[in-house]
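Right, one structure below, let's go through it.
The values are calculated or read from the model by the stated rules, or taken from the named source; none is laboratory data. Since we're looking at a predicted model, the values are computed, not measured. FYI the Cβ positions are ideal-geometry reconstructions off the backbone, even for glycines, and counts take in every protein chain you see.
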Amino acid sequence: MKERLSGNEAIATAMKQINPDVVAAFPITPSTEIPQYFSTFVNNGTVDTEFVPVESEHSAMSACIGAQAAGARAMTATSSNGLSLMWEMVYIASSLRLPMVMTVVNRAVSGPLNIHNDHSDSMGCRDSGWIQLYSETNQEAYDNMLMAHRIAEHPDVKLPVMVCMDGFITSHAIENIELENDEFVKDFVGIYKPEQYLLNHENPIAVGPLDLQSYLFEHKRQQAKAMENAKKVILEVSKDFENRTGRKYEFFEQFMMEDAEVAIVVLNSTAGTTKAVVKNLRSQGLKVGMIKLRVFRPFPANELAQALSHLKAVAILDKSEGLNAAGGPVFTEVTSAMQCNGISNVKTIGYIYGIGGRDVKTSDIESVYTNLLKIKDTDQIGNIYNYLGVRD
């Protein structure tokens, strides 16, 4: 079914079709529209979800934890400082192995205060034990939402999932999108049947007890193993989705990479701008390509290193400042993956870009490719750590 929807509308529509048991949310720009749209579905009886308007994002995550622990399927949405306020509970959700789904509409984290897009919020909690899926378009955001519960609730995973998309750029822009019908979504997502939950009187359990030296290490190892298992499950669910819809998703998308000599690694909406530049440079006979990361947690280290191994030079773009004097989070992950997989022949540089919603133009992306081609021809890297579009 063809429709024209903003990214926020697409997410709310997916939530409506999934019909979760509980949604708890607190408004924050630019994710506010998601619970706002969804609350209308609750009000008019389209869904039978229990909608819980709370007094803060910390409470939103707390309510979702309580609902999920009780055996319900729970969802929420947030951005920026809202995700920061959830911080304590975000870690608790994953450590309790509660497979909830949360949309993160990416926005700069204060301070100073900024309401526009970068990835400092979701990248800030990249190691919190949540699976992270990133979305270039409204269609991908919608599709990721349909797959998220299948991934999270798999018995080999049982971890929460963040579906991320760029604030205002994706969340508020209207695009043509292919919606699946309600029966398809119901069948694809399935019914949530937890093995253990608080309200199961036949098998009483405790949730969140004190966990000291004797067991915490093993429980963290179990979380780590679940994240490892998620790689296989993500591919299985994505393949099933492709077979049913024709829309293909993997860990990352390779765009014109077959014979590329240089490439950019990027995620979310900037991939669209980069694709336009790649097409233009290809028309000039230049062998350039792009990899768009869709799955950041679990990080597809081996697969990504292999995809980059034939290049002469690669640039990794971060829409988040790592503040570690050694590059952004995507840069450090990719370079680590290459090093650990013995890929030492590819010249690698990093760029920080788009902080606080700074506009990223095709000319900016072209300048990155110009630098990469220069590195390819001269075999000289120059600056490893770079900024794109900043006033020095």
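Test MET75 against the criterion of being closer than 30 Å to GLY356 by Cβ, part of a helix (DSSP H, G or I), of a type in the set (A, V, I, L, M) and out of contact with any Leu (no Cβ under 7 Å at 6 or more places or on another chain), and give yes or no.
No.
Looking at VAL22, VAL54, can you tell me which residue is in the same structural domain as MET145 (by TED's automatic domain parsing) and surrounded by 18 or more Cβ atoms within 10 Å (Cβ to Cβ)?
Matching residue, one of VAL22, VAL54: VAL22.
Do you know which of the residues in the range 161-189 that are hydrophobic (A, V, I, L, M, F, W, C) and closer than 28 Å to LEU96 by Cα is surrounded by the most Cβ atoms within 10 Å (Cβ to Cβ)?
Looking at residues that are hydrophobic (A, V, I, L, M, F, W, C) and closer than 28 Å to LEU96 by Cα, I get MET165.
When you scan the range 139-150, do you find a residue that is over 21 Å from ARG247 (Cα atoms), among the hydroxyl-bearing types (Ser, Thr, Tyr) and in the same structural domain as ILE11 (by TED's automatic domain parsing), even just one?
Taking every residue of the range 139-150 in turn, none turns out to be over 21 Å from ARG247 (Cα atoms), among the hydroxyl-bearing types (Ser, Thr, Tyr) and in the same structural domain as ILE11 (by TED's automatic domain parsing).
Could you name every one of the helices (runs of 4 or more DSSP H) located completely within the range 289-392 that has at least 1 residues being of a type in the set (Ser, Thr, Tyr) and in contact with a Leu (Cβ under 9 Å, 6 or more places away or on another chain)?
In the range 289-392, the matching helices (runs of 4 or more DSSP H) lie at 362-378.
Hey, among the residues in the range 310-338 that are surrounded by 22 or more Cβ atoms within 10 Å (Cβ to Cβ) and in contact with a Pro (Cβ under 9 Å, 6 or more places away or on another chain), which one's farthest from GLU261 (Cα to Cα)?
Among them, the one singled out is SER320.
I want to confirm something. Restricting to the range 339-366 and keeping residues that are under 20 Å from LEU281 (Cβ atoms) and within 21 Å of the chain's Cα centre (by Cα), which single residue is surrounded by the most Cβ atoms within 10 Å (Cβ to Cβ)?
Among them, the one singled out is TYR351.
Of the residues VAL47, VAL42, only one is over 14 Å from VAL163 (Cβ atoms), in the same structural domain as SER80 (by TED's automatic domain parsing) and part of a helix (DSSP H, G or I); which?
One residue alone meets the criteria, VAL42.
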